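Visitor: Here it is, the structure in full.
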Amino acid sequence: MVDMLIGSTLSALATGAGAVPILFLSRSLTHKWRDMLLAFTAGVMMAASMLGLIPEALSSGTFFALAIGLGVGVLALTFLEKMVPHIDLAHTESGIKIDQKALLVLAAITLHNIPEGLSVGVSYASGEQNHMGDLIALAIGFQNAPEGLLVALFLFNQQISKGKAFLMATGTGLIELVASVIGFYLTSIVDALVPYGLAFAAGAMLFIIYKELIPESHGDGNEQSSTYSFIIGLLVMVFLIETF
């Protein structure tokens, strides 16, 4: 329980850590750097899901449990996509009122953080012996950091002060801590939910990778550098998995 609280808190606060540069930047990042950051996190999450979550789900359950859990994870993210309008942080242009656009961005990012928090909680409940929770918290933290930076940059570009942009971006990650606790207790109380929970986390990650991170990292003609960043991110996570 203590390890889960520490890991999920650090993972959630990674959003704020990623937003720190906004306090010192005088202008926005280039599309190339944004795309490379997104691709790097896609590689990290791909390795975490394929080499961590999915094998663990199979070892603690059946292929049927994996398929069901993964499908539910994908459907949950699909539902969130339809419930909250998706806003492409790297390519948004002015068009609606600043406060309305900022609210939509914050709501969308906050809701997208819920399954990520569940992933961390489930992993800690099921992986006490193999540090699965630490690995997934690290992977989610890697994803949260550039996400926090992009949110803060977007808010800053909408004439919101650097301090407020930093605080608002940090706040979007705090929902993960609540979701982590919920995921941890659900799988701790009902052991049969463990493989489904792990598969759910994998499905949510894969959805985010293919539906969000990869397309957004290839939208400005930076496919090659983004591809390299993806591979580097994947290798970094594989190294961490092997080290643990």
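Visitor: Tally time: how many residues in region 49-79 are outside any helix (DSSP H, G or I) and either without any contact (Cβ under 8 Å) to a residue 12 or more places away in the chain or among the β-branched types (Val, Ile, Thr) (or both)?
Guide: Filtering region 49-79 for residues outside any helix (DSSP H, G or I) gives 61-62.
Okay, now just the ones that are also either without any contact (Cβ under 8 Å) to a residue 12 or more places away in the chain or among the β-branched types (Val, Ile, Thr) (or both), so 62.
Within region 49-79, residues that are outside any helix (DSSP H, G or I) and either without any contact (Cβ under 8 Å) to a residue 12 or more places away in the chain or among the β-branched types (Val, Ile, Thr) (or both) number 1.
Visitor: Any residue at all in region 225-240 that is touching a Lys or Arg at 6+ places or on another chain (Cβ under 8 Å) and crowded, with 21+ Cβ neighbours inside 10 Å?
Guide: The first filter runs over region 225-240 and keeps only residues touching a Lys or Arg at 6+ places or on another chain (Cβ under 8 Å), leaving 225.
Within this subset, residues satisfying the condition of being crowded, with 21+ Cβ neighbours inside 10 Å are none.
Looking for residues that are touching a Lys or Arg at 6+ places or on another chain (Cβ under 8 Å) and crowded, with 21+ Cβ neighbours inside 10 Å, one finds none in region 225-240, hence no.
Visitor: Just to be sure, is Ala90 assigned to a helix (DSSP H, G or I), of a type in the set (A, V, I, L, M, F, W, C) and at pLDDT below 85?
Guide: Numbers: assigned to a helix (DSSP H, G or I): no; of a type in the set (A, V, I, L, M, F, W, C): yes; at pLDDT below 85: yes.
So Ala90 does not fit the description; no.
Visitor: Okay, next question. Among the residues of region 196-206, is any farther than 20 Å from Leu135 by Cα, buried (at least 21 other Cβ atoms within 10 Å of the Cβ) and touching a residue at least 40 places away in the same chain (Cβ under 8 Å)? Explain how you work it out, then say what you get.
Guide: Within region 196-206, the first condition is being farther than 20 Å from Leu135 by Cα, and the residues that meet it are none.
No: region 196-206 contains no residue that is farther than 20 Å from Leu135 by Cα, buried (at least 21 other Cβ atoms within 10 Å of the Cβ) and touching a residue at least 40 places away in the same chain (Cβ under 8 Å).
Visitor: Within region 138-182, work out how many residues are charged (D, E, K, R) and open to solvent by less than 60 Å² (accessible area, probe 1.4 Å). Can you show your working first?
Guide: Kept after step one, since they are charged (D, E, K, R), are these residues of region 138-182: 147, 162, 164, 176.
After this cut, where a residue has to be open to solvent by less than 60 Å² (accessible area, probe 1.4 Å) as well, the list is 147, 176.
The qualifying residues number 2.
Visitor: Please state which one of Ala201, Ala192, Ala169 is farther than 15 Å from Asn144 by Cα, part of a helix (DSSP H, G or I) and either acidic (Asp, Glu) or under 16 Å from the mean Cα position of the chain (by Cα) (or both). Spell out how you get there, then give the answer.
Guide: On the way: Ala192 fails: either acidic (Asp, Glu) or under 16 Å from the mean Cα position of the chain (by Cα) (or both); Ala169 fails: farther than 15 Å from Asn144 by Cα.
Among Ala201, Ala192, Ala169, only Ala201 is farther than 15 Å from Asn144 by Cα, part of a helix (DSSP H, G or I) and either acidic (Asp, Glu) or under 16 Å from the mean Cα position of the chain (by Cα) (or both).
Visitor: Quick test of your reading of the structure: Val190 fulfils all but one of (1) crowded, with 21+ Cβ neighbours inside 10 Å; (2) out of contact with any Phe, Trp or Tyr (no Cβ under 9 Å at 6 or more places or on another chain). Name the failing condition by number.
Guide: Every listed condition holds for Val190 apart from (1).
Visitor: Let me ask you something else. List, please: which pairs have Cβ atoms under 9 Å, are six or more places apart or on different chains, and start with a residue in region 11-26 that is on the phi < 0 side of the Ramachandran plot and surrounded by fewer than 19 Cβ atoms within 10 Å (Cβ to Cβ) and end with one that is at pLDDT below 85 and outside any helix (DSSP H, G or I)?
Guide: Pro21/Leu29
Visitor: Can you list residue pairs whose Cβ atoms sit under 9 Å apart, with the first residue in region 133-154 being over 27 Å from Ile54 (Cβ atoms) and the second being of a type in the set (Gly, Ala, Ser) and not in a helix (DSSP H, G or I)? Count only pairs 6 or more apart in sequence or on different chains.
Guide: Leu150/Ala90; Leu153/Ser28; Phe154/Ser28; Phe154/Ala90
Visitor: Here is a follow-up. Out of Leu66, Leu104, Leu58, Leu53, report the one residue that is touching a helix residue (DSSP H, G or I) at 6+ places or on another chain (Cβ under 8 Å) and at pLDDT below 85.
Guide: On the way: Leu66 fails: at pLDDT below 85; Leu104 fails: touching a helix residue (DSSP H, G or I) at 6+ places or on another chain (Cβ under 8 Å); Leu58 fails: at pLDDT below 85.
Only one candidate passes the filter, namely Leu53.
The values are calculated or read from the model by the stated rules, or taken from the named source; none is laboratory data. Fair warning: this is a prediction, and the values are worked out from it, not measured in the lab. Note that each Cβ is placed from the backbone with ideal geometry, even for glycine, and that neighbours are counted across all protein chains shown. The area values use the complete protein model at the heavy-atom level, side chains included, leaving out ligands, DNA and RNA. Shrake-Rupley method; radii C 1.70, N 1.55, O 1.52, S 1.80 Å.
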